[in-house]
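Participant: Take this structure, written in structure tokens, and hold onto it; I'll ask about it next.
The values are calculated or read from the model by the stated rules, or taken from the named source; none is laboratory data. Note that the structure is predicted; figures quoted are calculated from it, not measured. Methodologically, a virtual Cβ is constructed for each residue, glycine included, from the backbone with ideal geometry; neighbour enumeration extends over all protein chains shown. All accessible areas refer to the heavy atoms of the entire protein, side chains included, with ligands and DNA or RNA removed. Shrake-Rupley method; radii C 1.70, N 1.55, O 1.52, S 1.80 Å.
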Amino acid sequence: MAQPMPRLFGVYFSPADRGPAVLLNANLNIVTQRHTAAHELGHHVLHHRTAADDDLSPALRWGNGSWPDEEKTAEAFAAWFLMPRPAVLAGLDRICQGQSASPEDVYRLARELGTSYAGTVRHLQNLRLLDADRARQWAKISPAALRSSLAGGAALPADAQVHVVTAASHLQRVHADAGDVLIARGAGAAFVSLPKGLARWTDTPPPAEPAAAAVVTDELSDPAVLEVSAAGWKEPVQLTVVRDAPRAGVHDVWPD
């Protein structure tokens, strides 16, 4: 269950404290809520005591001695739960097409997995798919810079995400929110049709490669099927765009 909890990411209640149960901070974005939920699940699976988590930033706390072992193991559980090796390898194969990965590719992988860019960089190093030097360098790159790069240098709202559509995106589900941008890459790329909740995005500068772009609007409520065609594709790519929704709070579950 999620509800606003100032200063807390989440709380795990162990069976010894009338659990198991988990509370999530409803004010967090969907990616942080997913990570926090996986972290709290780790506390349960690993038979930990009740824990209130006010900081889930391994980059700041892992090596400074301030994190108890139970927090470290719950954090490791969350990373492997959200980013299992087969899913990571499949995503990289789809995104990179046999080429070396770039920071933009890692950002795209994070969007597919529903994880943070920084957390994905860390986990790629743990999987030995990224060496320590590049991991340190890439961790310094802001997601905003990567979003702008993928959008052809356009300035995007702070909360907007970028989702890249290629021939390999066929039958994928894209989890997006209002303001997010979908960019279709390919010679002659074009939207066959734009369902309700998607509109053509014209704020992008001329791209370095052929592309078409659409923005998610507040009208998107039900899952929408999007078709994209391009000259080099055997058939139009079809994908489903699903609106990210906030978790239910206590008043939604047990209304007054």
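Participant: When Lys and Arg each count +1 and Asp and Glu each count -1, what net charge do the other residues less than 13 Å away from S14, Cβ to Cβ, add up to?
Facilitator: Residues near S14 contribute -1 overall.
Participant: Relative contact order of the chain: what whole-number percent is it, with Cα pairs under 8 angstrom and at least 6 residues apart? Intermediate values should be presented prior to the final figure.
Facilitator: Numbers: 435 pairs, mean separation 39.9, N = 256.
Reported relative contact order: 16 percent.
Participant: What ranking of I141, I95 comes out by heavy-atom accessible area, probe 1.4 Å, highest first?
Facilitator: These residues rank, largest area first, as I141, I95.
Participant: Can you compute 3J(HN,Hα) from phi for each residue in region 165-173, using the Karplus curve 6.51 cos²θ - 1.76 cosθ + 1.60 with θ = phi - 60°, rounded to whole Hz and x for Gly and Pro?
Facilitator: Along region 165-173, the couplings run 10, 10, 4, 6, 8, 4, 6, 7, 9 Hz.
Participant: For region 127-199, just list the percent of Cα-Cα distances falling in each 10 Å bin from zero outward, please.
Facilitator: 15, 39, 33, 10, 1
Participant: Please work out the FRET efficiency for the pair D159 and V45, using the Cβ-Cβ distance as r and a Förster radius of 30 Å; give the result to the nearest 0.05.
Facilitator: Result of the calculation: an efficiency of 0.45.
Participant: If N is the number of residues in the chain, what value comes out of its Cα radius of gyration divided by 2.2 N^0.38 Å?
Facilitator: This ratio for the chain stands at 1.08.
Participant: Ignoring any ligand, DNA or RNA, what whole percent of the accessible area of the chain comes from carbon and sulfur when the probe is 1.4 angstrom? Present the calculation step by step, with values, prior to reporting the outcome.
Facilitator: Details: 7310 of 13610 Å².
Solvent-exposed carbon and sulfur of the chain make up 54 percent of the total.
Participant: Which value, in Å² and to the nearest 10, is the accessible area of F81 when all protein chains are kept and the probe is 1.4 Å?
Facilitator: We get 110 Å² for F81.
Participant: Rounded, prolate or oblate for region 64-192? Axes are the square roots of the Cα gyration tensor eigenvalues, ordered a ≥ b ≥ c, and the cut-off for rounded is a/c under 1.5.
Facilitator: Judged from the Cα gyration tensor, region 64-192 comes out prolate (a/c at least 1.5, a/b above b/c).
Participant: Oh, and also: With a 1.4 Å probe and every protein chain left in place, work out the accessible area per residue of the chain in Å², rounded to a whole number.
Facilitator: 53
Participant: Restricting to DSSP H runs of at least four residues, report the calculated mean residue ellipticity at 222 nm for the chain, -39500 (n - 2.57) per run over all residues, nearest 500 deg cm²/dmol. Display every interim value, and only then the final one.
Facilitator: Working: 9 runs with 87 residues, N = 256.
So the helix-based figure for the chain works out to -10000 deg cm²/dmol.
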